[in-house]
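Undergrad: Pasting a structure here, questions to come.
The values are calculated or read from the model by the stated rules, or taken from the named source; none is laboratory data. This one's a predicted model, so the numbers in the text were calculated from it and none came from an experiment. For neighbour counting, all protein chains shown are included, and Cβ atoms are generated from backbone atoms with ideal geometry for every residue, glycine included. For the accessible areas, the whole protein counts, side chains as well, though only heavy atoms, and no ligand, DNA or RNA atoms are used. Shrake-Rupley method; radii C 1.70, N 1.55, O 1.52, S 1.80 Å.
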Amino acid sequence: MFRPFVDDFLACLRFYSRLPVPAPRGHEMPDFRTAVRALPLAGALIALAPAWTLLAARALGLPPFLAATLALAALVAVTGALHEDGLADLADGFGGGATREEKLEIMRDSRLGSYGAVALMLALALRLGALTAITQRGVFEAAAILIFAASLSRTAGLLPIMILAPARADGAGHAAMRPFKEALQTAALLASALSILPIALGVSPVAALLAGAASVAAAYATAKLAERQIGGLTGDVLGGAQQAAEIAALLVFASGG
């Protein structure tokens, strides 16, 4: 079992980040039926560089706002703005299209529209504000929360795959096959286990539990919105769900739970 799990882990890193990881067995796209079991660990690793950036910036004397800004910049650099791009396309399509077909066509357009730009600005502002507030309470706590939120949101962001059919006959949403129940159970357990990081640094277990519930609720709301707007799943819906889940988790932690 160990070697297949490693393959899934590498596949998730390859798909969800710009890290120089070779494609396992020559595949760019993970087999989502099993690969999602390793996604929480991949999400945590993806957030390591941003967490270290946050710690280094505060050690150099930068204020919480600038340290949080640099950490988010590092996170975007590591992921290649994968989920941010999905959120922007989602907002452009849902906001700019009058019919289902128009919405899907706009979402295919790589150009950034006004709805997408506003969605990106608001999403970044919410993440930055929340991370700044958390960093003001303690930088090590903030670094641990950043890692946990990255893992949690990517796991919760899988929810649209479970409840929606593909909106198109092609594309990432169609290619992303529904995960096996066992893989999802493993992912949920690993994401839950990673809550130990912030809890060990003084975060309330209740806050961690609320963050998990908020992430799932945000991803579910994104999925139901997509169902009403375009009748199903696309890759952009997954990106939007992850962003919503991460924002929800960070806001819970910023509020103190």
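Undergrad: From the list G113, G138, which one is surrounded by 15 or more Cβ atoms within 10 Å (Cβ to Cβ) and closer than 27 Å to A167 by Cβ?
TA: After applying the criteria, what remains is G113.
Undergrad: Please give the number of the condition S153 fails out of (1) open to solvent by 40 Å² or more (accessible area, probe 1.4 Å); (2) closer than 20 Å to H83 by Cα; (3) hydroxyl-bearing (S, T, Y); (4) touching a Gly at 6+ places or on another chain (Cβ under 8 Å).
TA: Failed condition: (1).
Undergrad: Does segment 116-132 contain any residue that is over 15 Å from the mean Cα position of the chain (by Cα), within 29 Å of D8 (Cα to Cα) and crowded, with 19+ Cβ neighbours inside 10 Å?
TA: For segment 116-132, residues over 15 Å from the mean Cα position of the chain (by Cα), within 29 Å of D8 (Cα to Cα) and crowded, with 19+ Cβ neighbours inside 10 Å: absent.
Undergrad: Filter segment 71-82 down to the residues that are within 16 Å of A125 (Cβ to Cβ) and open to solvent by 50 Å² or more (accessible area, probe 1.4 Å) and list them by number.
TA: Scanning segment 71-82 gives a single hit, A73.
Undergrad: Among the residues of segment 198-257, count how many are closer than 22 Å to A117 by Cα and in a loop (DSSP other than H, G, I, E, B).
TA: Qualifying residue count for the region: 1.
Undergrad: Are there any pairs with C-beta distances below 8 angstrom linking a residue in segment 140-156 that is closer than 14 Å to L251 by Cβ to a residue that is open to solvent by less than 10 Å² (accessible area, probe 1.4 Å) and charged (D, E, K, R), with the two at least 6 apart or on different chains, and if so which?
TA: Sorted first by the residue in segment 140-156, then by its partner, the pairs are A149/E246; L152/E246; S153/E246.
Undergrad: Report, by residue number, each residue of segment 214-257 that is open to solvent by less than 10 Å² (accessible area, probe 1.4 Å) and more than 11 Å from the chain's Cα centre (by Cα).
TA: A223, A226, I230, G232, L233, T234, V237, L250, F253
Undergrad: Scan segment 30-51 and give yes if some residue there is surrounded by fewer than 19 Cβ atoms within 10 Å (Cβ to Cβ) and among the basic types (K, R), otherwise no.
TA: There is at least one residue in segment 30-51 that is surrounded by fewer than 19 Cβ atoms within 10 Å (Cβ to Cβ) and among the basic types (K, R).
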